[in-house]
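One structure below.
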Amino acid sequence: MDETDEVLDAVGPRLRALRKHRGLTLAEVSTTTGISESTLSRLESGGRRPTLELLLPLARVHGVPLDDLVGAPRTGDPRIHLRPIHRHGMTFLPLTRRAGGVQAFKMLIPSRDEPAEPTPQTHGGYEWVYVLNGRLRLVVGDRDMVLPPGEAAEFDTALPHWLGSADGHAVETLVLFGPQGERAHIRARQS
């Protein structure tokens, strides 16, 4: 297998990881890009070779540079260029560049006149949240709690969960999200 084959073989898993991370179905990506579900499925599984005509609309729908889809090496500039993702009334700033594995985000919950009513959701994965500023209301399963700055929580996202402002003021958090089974490992230094 030559280097080109290796690069192209890695595109499918990256596409699947991006789609799942964004919580999109093949049907939703198909509707947005105009690429058939069958073609998308074959791309993700490696049954179809990626082409520029397929990758350009997929890079747009996932909000990533084409280089990220093909795993192109970075050239010169080591900075991460944050491209905000707006979902469920919140803004997510990706802090990592690779598809799949644990992803890091800064999550911003805007201020509101009144705190939002929880609408718990589920999806595969595991999440770790650290509150930077504001007071985060976290609902996980039947637990409803408020986390002030400096507190953290981790939970299986298969449990119904919801994150929002506890008091209507803006909230800033750091979020680590990993696929099912991957958890944050934090080691405290011993004095």
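Counting residues in segment 144-151 that are of a type in the set (Val, Ile, Thr), in a strand (DSSP E or B) and more than 21 Å from Ala104 (Cβ to Cβ) gives one or more.
In the condition set (1) of a type outside the set (Gly, Ala, Ser); (2) out of contact with any Leu (no Cβ under 7 Å at 6 or more places or on another chain); (3) in contact (Cβ under 8 Å) with a residue 24 or more places away in the chain, Pro148 is compliant with all but (3).
Could you check segment 100-120 and list, in sequence order, the residues that are aliphatic (A, V, I, L, M) and assigned to a loop (DSSP other than H, G, I, E, B)? Spell out the reasoning first.
Taking segment 100-120 first, the residues aliphatic (A, V, I, L, M) are 102, 104, 107-109, 116.
Val102, Ala116, listed by residue number.
Within segment 75-84, restricting attention to residues that are surrounded by 11 or more Cβ atoms within 10 Å (Cβ to Cβ) and at pLDDT below 70, the residue that is nearest to Lys20 (Cα to Cα) is Leu82.
The values are calculated or read from the model by the stated rules, or taken from the named source; none is laboratory data. Only a predicted model underlies this, so the values are computations on that prediction, with no experimental measurement involved. Note that each Cβ is placed from the backbone with ideal geometry, even for glycine, and that neighbours are counted across all protein chains shown.
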